[in-house]
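Engineer: Quick one: structure below, then a few questions.
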Amino acid sequence: MFGECDDFDEGRGAVSALSRFRPTPPAVPEPGDDGRRKFRTIWISDVHLGTKGCNAELLIDFLDNVDSETMYLVGDIIDGWRLKKKFYWPAAHNDIVWRILKRARRGTRIVYIPGNHDEMFRQFTGLNFGGVEIRRAAFHDTADGRRLMVLHGDEFDAVMLAHRWLAFVGDAAYGAMMALNRWVNAVRSRLGLPYWSLSKMAKHKVKNAVEFISRYEEVVARAAAQRGVDGVVCGHIHTAEFRLFDGVEYWNDGDWVEGCNALVEHFDGRMEILHWPEEIARREAAAAEQAASARIAEAA
């Protein structure tokens with residue numbers, strides 16, 4: 001198992017440990033392919049494996065209910081910053097890696113674009129590990145002919161570029177917020193309430209956070225325009241969004257810490273942001289309605 005490796009003290013050690021990962025059977029068995037929703041392309045980012053904030057169970061549910069020809073892992077899949085401080089790797093995180101590697105083995109094209117939290121993998125740009133292509137950035141052609149630039153997005157974060165130390169301080173504060181978020185959702189779960197993101201709500205309420213997100217989106221879209229593409233797909237700021245800037249499409253695929261989102265491309269080229277907690281709620285409501293109808297039919 002991944003957890004048997006003990007050399008996560010430095011970035012290169014993390015890479016060495018990952019290279020020795022042995023894809024043992026998952027703790028939660030993967031269901032069959034029947035009934036999965038099929039997409040041409042899936043983008044996910046900001047999973048932060050190796051942290052307690054990762055919503056691994058929701059991501060496993062997502063992976064077990066969808067499939068695609070291509071999957072982009074748009075950075076911060078593994079949180080090397082946290083793993084260098086303290087090793088944390090539960091079975092559910094192992095299950096996610098197992099599922100992704102299995103997709104690669106059965107023919108799904110997997111493109112991994114490391115972000116700032118898993119930047120130790122950027123030194124392997126251009127290589128292929130277990131069917132997973134590592135790229136610094138990528139270009140994706142949609143079914144209807146649009147060309148999209150795909151990158152993590154930390155390249156356009158002014159804090160990351162000018163004050164790297166401040167980014168680490170912010171990461172620590174963010175970790176504290178996510179600890180509170182886990183406590184809130186543990187209580188909600190006991191009360192039978194669905195998942196809710198405290199930090200997502202806070203970001204939308206705090207003026208400075210809203211302004212930062214707006215500036216970030218505009219800067220990334222401008223960079224895409226300069227490269228002559230039709231749009232851009234990124235992650236980094238944990239805010240799933242679609243916006244149009246002077247004809248350039250800006251797509252953010254969100255995260256699996258707060259919102260639990262994914263971006264998908266349908267086979268006709270149509271793009272859609274999936275908010276997975278809402279998808280689960282709809283699925284469970286439909287199942288409950290079907291069960292109620294079955295009971296009524298039996299009683300009739």
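Here is a yes/no grid of residues against (1) of a type in the set (Asp, Glu); (2) in contact (Cβ under 8 Å) with a residue 24 or more places away in the chain; (3) within 30 Å of residue 33 (Cα to Cα); (4) assigned to a helix (DSSP H, G or I):
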{"position": "89", "(1), (2), (3), (4)": "no, yes, yes, no"}
{"position": "95", "(1), (2), (3), (4)": "yes, yes, yes, yes"}
{"position": "103", "(1), (2), (3), (4)": "no, yes, yes, yes"}
{"position": "110", "(1), (2), (3), (4)": "no, yes, yes, no"}
{"position": "114", "(1), (2), (3), (4)": "no, yes, yes, no"}
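Engineer: Out of 51, 70, which single residue is at pLDDT 95 or above and touching a Lys or Arg at 6+ places or on another chain (Cβ under 9 Å)? Walk me through it before giving the result.
Structural biologist: Values: 51 fails: at pLDDT 95 or above.
Result of the check over 51, 70: 70.
Engineer: Oh, and also: If you scan segment 142-157, which residues turn out to be surrounded by fewer than 16 Cβ atoms within 10 Å (Cβ to Cβ) and within 17 Å of residue 221 (Cα to Cα)? Can you show your working first?
Structural biologist: Filtering segment 142-157 for residues surrounded by fewer than 16 Cβ atoms within 10 Å (Cβ to Cβ) gives 143-147.
Scanning segment 142-157 gives 146, 147.
Engineer: Same structure again: Is it the case that some residue within segment 222-230 is among the β-branched types (Val, Ile, Thr), touching an Asp or Glu at 6+ places or on another chain (Cβ under 7 Å) and touching a residue at least 40 places away in the same chain (Cβ under 8 Å)? Break it down stepwise before answering.
Structural biologist: First pass over segment 222-230, keeping only residues among the β-branched types (Val, Ile, Thr): 229.
From the residues that got through so far, the ones that are touching an Asp or Glu at 6+ places or on another chain (Cβ under 7 Å) too are none.
Scanning segment 222-230, I find no residue that is among the β-branched types (Val, Ile, Thr), touching an Asp or Glu at 6+ places or on another chain (Cβ under 7 Å) and touching a residue at least 40 places away in the same chain (Cβ under 8 Å), so the answer is no.
Engineer: Only residues that are under 10 Å from the mean Cα position of the chain (by Cα), of a type outside the set (Asp, Glu) and farther than 14 Å from residue 217 by Cβ: list them for segment 237-278, please.
Structural biologist: 256, 257, 259, 260, 261, 262, 263
Engineer: Moving to a separate point now. Can you tell me which condition residue 262 does not meet? The list is (1) over 15 Å from residue 153 (Cβ atoms); (2) surrounded by fewer than 21 Cβ atoms within 10 Å (Cβ to Cβ); (3) modelled with pLDDT of 95 or more, and all the others hold.
Structural biologist: Condition (2) is where residue 262 drops out.
Engineer: Can you tell me which residue is surrounded by the fewest Cβ atoms within 10 Å (Cβ to Cβ) among those in segment 67-86 that are of a type in the set (Val, Ile, Thr) and within 9 Å of the chain's Cα centre (by Cα)? Break it down into steps so the answer makes sense when it comes.
Structural biologist: Taking segment 67-86 first, the residues of a type in the set (Val, Ile, Thr) are 70, 74, 77-78.
Applying the additional criterion that residues be within 9 Å of the chain's Cα centre (by Cα) yields 74, 77.
Working: 74: 30, 77: 27.
Top of the filtered list is 77.
Engineer: Return the residue satisfying two criteria in turn: it lies in segment 25-44 and is in a loop (DSSP other than H, G, I, E, B) and either surrounded by 13 or more Cβ atoms within 10 Å (Cβ to Cβ) or charged (D, E, K, R) (or both), and of such residues it is modelled with the highest pLDDT.
Structural biologist: Going through segment 25-44, the residues in a loop (DSSP other than H, G, I, E, B) turn out to be 25-36.
Filter once more, so that each one left must be either surrounded by 13 or more Cβ atoms within 10 Å (Cβ to Cβ) or charged (D, E, K, R) (or both): 26-28, 30, 33-34, 36.
Values: 26: 87, 27: 88, 28: 84, 30: 88, 33: 77, 34: 79, 36: 94.
Checked segment 25-44; the qualifying residue modelled with the highest pLDDT is 36.
Engineer: Assess whether residue 47 counts as being closer than 20 Å to residue 276 by Cβ, in contact (Cβ under 8 Å) with a residue 60 or more places away in the chain and outside any helix (DSSP H, G or I). Give the derivation first.
Structural biologist: Values: closer than 20 Å to residue 276 by Cβ: yes; in contact (Cβ under 8 Å) with a residue 60 or more places away in the chain: yes; outside any helix (DSSP H, G or I): yes.
The answer is yes for residue 47.
Engineer: Out of 259, 254, report the one residue that is more than 20 Å from residue 36 (Cβ to Cβ), touching a residue at least 40 places away in the same chain (Cβ under 8 Å), touching a Cys at 6+ places or on another chain (Cβ under 9 Å) and not acidic (Asp, Glu). Walk me through it before giving the result.
Structural biologist: Values: 259 fails: touching a Cys at 6+ places or on another chain (Cβ under 9 Å).
After ruling out the rest, the residue left standing is 254.
Engineer: Still on this structure, I have one more. Condition test on residue 243, is it under 26 Å from residue 115 (Cα atoms) and either without any contact (Cβ under 8 Å) to a residue 60 or more places away in the chain or exposed (fewer than 14 other Cβ atoms within 10 Å of the Cβ) (or both)?
Structural biologist: Values: under 26 Å from residue 115 (Cα atoms): yes; either without any contact (Cβ under 8 Å) to a residue 60 or more places away in the chain or exposed (fewer than 14 other Cβ atoms within 10 Å of the Cβ) (or both): yes.
When the stated conditions are applied, residue 243 passes them.
Engineer: Also: Is it the case that segment 245-255 has a residue that's of a type in the set (Asp, Glu) and more than 29 Å from residue 50 (Cβ to Cβ)? Before you say what the answer is, go through the steps one by one.
Structural biologist: We begin by selecting, within segment 245-255, every residue of a type in the set (Asp, Glu); these are 246, 249, 253, 255.
Then drop every residue that is not more than 29 Å from residue 50 (Cβ to Cβ), which leaves 246, 249.
Looking through segment 245-255, at least one residue is of a type in the set (Asp, Glu) and more than 29 Å from residue 50 (Cβ to Cβ).
Engineer: Step by step: first the residues of segment 120-154, then only those that are modelled with pLDDT under 95 and touching a His at 6+ places or on another chain (Cβ under 9 Å), then the one that is farthest from residue 269 (Cα to Cα). Which residue is that?
Structural biologist: Per the stated criteria, the residue is 154.
Engineer: Let me ask something else. Quick check: is even one residue across segment 284-298 surrounded by fewer than 16 Cβ atoms within 10 Å (Cβ to Cβ), on the phi < 0 side of the Ramachandran plot and in contact (Cβ under 8 Å) with a residue 12 or more places away in the chain? Write out each step before concluding.
Structural biologist: At the first step, the residues of segment 284-298 found to be surrounded by fewer than 16 Cβ atoms within 10 Å (Cβ to Cβ) are 284-298.
Going one step further and asking which of them are on the phi < 0 side of the Ramachandran plot, we end up with 284-298.
Add one more test, that the residue is in contact (Cβ under 8 Å) with a residue 12 or more places away in the chain, and what stays is none.
Looking for residues that are surrounded by fewer than 16 Cβ atoms within 10 Å (Cβ to Cβ), on the phi < 0 side of the Ramachandran plot and in contact (Cβ under 8 Å) with a residue 12 or more places away in the chain, one finds none in segment 284-298, hence no.
Engineer: Restricting attention to segment 224-239, and to residues there that are surrounded by 22 or more Cβ atoms within 10 Å (Cβ to Cβ) and modelled with pLDDT of 95 or more, which single residue is farthest from residue 149 (Cα to Cα)?
Structural biologist: Filtering segment 224-239 for residues that are surrounded by 22 or more Cβ atoms within 10 Å (Cβ to Cβ) and modelled with pLDDT of 95 or more, the one farthest from residue 149 (Cα to Cα) comes out as 235.
The values are calculated or read from the model by the stated rules, or taken from the named source; none is laboratory data. Owing to the predicted nature of the structure, the values given are computational and were not obtained by experimental measurement. Note that each Cβ is placed from the backbone with ideal geometry, even for glycine, and that neighbours are counted across all protein chains shown.
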